[in-house]
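For reference, the structure discussed in these notes is given below.
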Ligand code: NDP
Ligand code: OXD
């Protein structure tokens, strides 16, 4: 019997994954698809969405809660006609764990000079490079939320010296933290900078020439390294390319870009010291996403407060 609130799905994810996940999700609820333009969405109470089409909110005027298909909500907050309903972010250990794997991997890649060794390998060169230990390198994480905190703990376990920066100061065991006002002090200690910030008006373009110039220059990684898996809109790619060319930055690992997919003409593609992944650091597991949404729908219907609700004022 379909007597619970109907849910509309508007996800730009792999269709097969969504269909498979729906086989076990939303029991007792009518599931509607926004991609079916003839579907009547007028009774839907919930939407699970990622980069939604703007007409969704006209077609579904009775939405009570929106569920983001990802941890970030910038692609939802910018949609015209967004109703004034709560937006729930996707927070799940599957997402967190895979992001930390990606971050730890990239820090180790630069610590152990994998880009330089790959270049040597292609040239059939046998040349041993210095092997600094993780403890000699300070990783500075910008964004100490769900993802930043987990990455910080795992980097610490690998032996890195870890510091972190966030809007409000955090208290994390074994990790020195800075608040918004402490940015310069944080940057001057940082050898490897990790970006795990949401995209908001305050964080747009924050990774720019001026910031790169403030990073610690005499660490064992032969120059600062920039790693970003937050949002591409936070980085100024022309400044990034200039910093990499001039040696202001010794390397970078980038998962997110100002425009995605990254333009084939971008100079970043062909830089030996840059690693690129196609916004694949930690994709949402659709089954987990639907399970999380169901839990929140049940809470909502039982009159309990929703969890992981976006603060619209701060934009994340
Ligand atoms: P959270 O909301 O849990 O954490 C965000 C962190 O950023 C908080 O520590 C927050 O500070 C800090 N922050 C936000 N604005 C500012 C600011 N203006 N100045 C200083 N610090 C700021 O987010 P998550 O950790 O869950 O996710 C972070 C981002 O990662 C997402 O928004 C998304 O863009 C990206 N992401 C990327 C993925 C990928 O595959 N590449 C996958 C998943 C997420 P405070 O603690 O004080 O609030
Ligand atoms: C997210 C993402 O925000 O995948 O979850 O980028």
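Tell me which residues, restricted to the stretch 1-19, are without any contact (Cβ under 8 Å) to a residue 12 or more places away in the chain and farther than 14 Å from residue 49 by Cα.
If the condition is that a residue be without any contact (Cβ under 8 Å) to a residue 12 or more places away in the chain and farther than 14 Å from residue 49 by Cα, then 16, 19 are the ones that fit.
Hey, any hits in the stretch 269-285 for a residue that's away from ligand 1 (no atom under 11 Å from the Cβ), outside any helix (DSSP H, G or I) and either under 26 Å from residue 180 (Cβ atoms) or free of Cβ contacts under 8 Å to residues at least 12 places away in the same chain (or both)?
No, the stretch 269-285 contains no residue that is away from ligand 1 (no atom under 11 Å from the Cβ), outside any helix (DSSP H, G or I) and either under 26 Å from residue 180 (Cβ atoms) or free of Cβ contacts under 8 Å to residues at least 12 places away in the same chain (or both).
Return the residues of the stretch 127-152 that are more than 17 Å from residue 189 (Cβ to Cβ) and out of contact with any helix residue (DSSP H, G or I) (no Cβ under 8 Å at 6 or more places or on another chain); say none if nothing qualifies.
If the condition is that a residue be more than 17 Å from residue 189 (Cβ to Cβ) and out of contact with any helix residue (DSSP H, G or I) (no Cβ under 8 Å at 6 or more places or on another chain), then 128, 130, 131, 133, 145, 149 are the ones that fit.
Run down 315, 303 and say which single residue is on the phi > 0 side of the Ramachandran plot and either under 18 Å from the mean Cα position of the chain (by Cα) or assigned to a strand (DSSP E or B) (or both).
315
Does residue 103 qualify as being modelled with pLDDT of 95 or more, in contact with a strand residue (DSSP E or B) (Cβ under 9 Å, 6 or more places away or on another chain), more than 30 Å from residue 153 (Cβ to Cβ) and buried (at least 20 other Cβ atoms within 10 Å of the Cβ)?
no
Select from the stretch 64-85 the residues that are away from ligand 1 (no atom under 16 Å from the Cβ) and touching a residue at least 40 places away in the same chain (Cβ under 8 Å) and write down the one among them that is farthest from residue 292 (Cα to Cα).
Selected residue: 64.
Go through the stretch 165-187 and count every residue that is within 23 Å of residue 70 (Cα to Cα) and surrounded by 19 or more Cβ atoms within 10 Å (Cβ to Cβ).
2
Could you say which residue among 140, 145, 164 is closer than 19 Å to residue 182 by Cβ, within 19 Å of the chain's Cα centre (by Cα) and within 16 Å of ligand 2 (Cβ to nearest atom)?
The conditions single out 145.
Determine whether residue 194 is crowded, with 23+ Cβ neighbours inside 10 Å and within 17 Å of the chain's Cα centre (by Cα). Walk me through it before giving the result.
On the way: crowded, with 23+ Cβ neighbours inside 10 Å: yes; within 17 Å of the chain's Cα centre (by Cα): yes.
Yes; evaluated as a whole, the condition is true for this residue.
Working only within the stretch 144-175, note down all residues that are touching a strand residue (DSSP E or B) at 6+ places or on another chain (Cβ under 7 Å) and either touching a residue at least 60 places away in the same chain (Cβ under 8 Å) or assigned to a helix (DSSP H, G or I) (or both).
148, 149, 151, 152, 155, 156
Against the conditions (1) more than 14 Å from ligand 1 (Cβ to nearest atom); (2) surrounded by fewer than 20 Cβ atoms within 10 Å (Cβ to Cβ); (3) over 15 Å from the mean Cα position of the chain (by Cα); (4) touching a residue at least 24 places away in the same chain (Cβ under 8 Å), where does residue 111 fall short? Just the number, please.
The failed condition is (2).
Using the structure shown, decide if residue 157 is closer than 28 Å to residue 90 by Cα and either more than 14 Å from ligand 1 (Cβ to nearest atom) or outside the structural domain of residue 109 (by TED's automatic domain parsing) (or both). Spell out the reasoning first.
On the way: closer than 28 Å to residue 90 by Cα: yes; either more than 14 Å from ligand 1 (Cβ to nearest atom) or outside the structural domain of residue 109 (by TED's automatic domain parsing) (or both): yes.
In short, yes.
The values are calculated or read from the model by the stated rules, or taken from the named source; none is laboratory data. Predicted model only: the values in this text are computed from it and were never measured. Because the Cβ atoms are built from the backbone with ideal geometry, glycine has one as well, and the counts that use them run over all protein chains shown.
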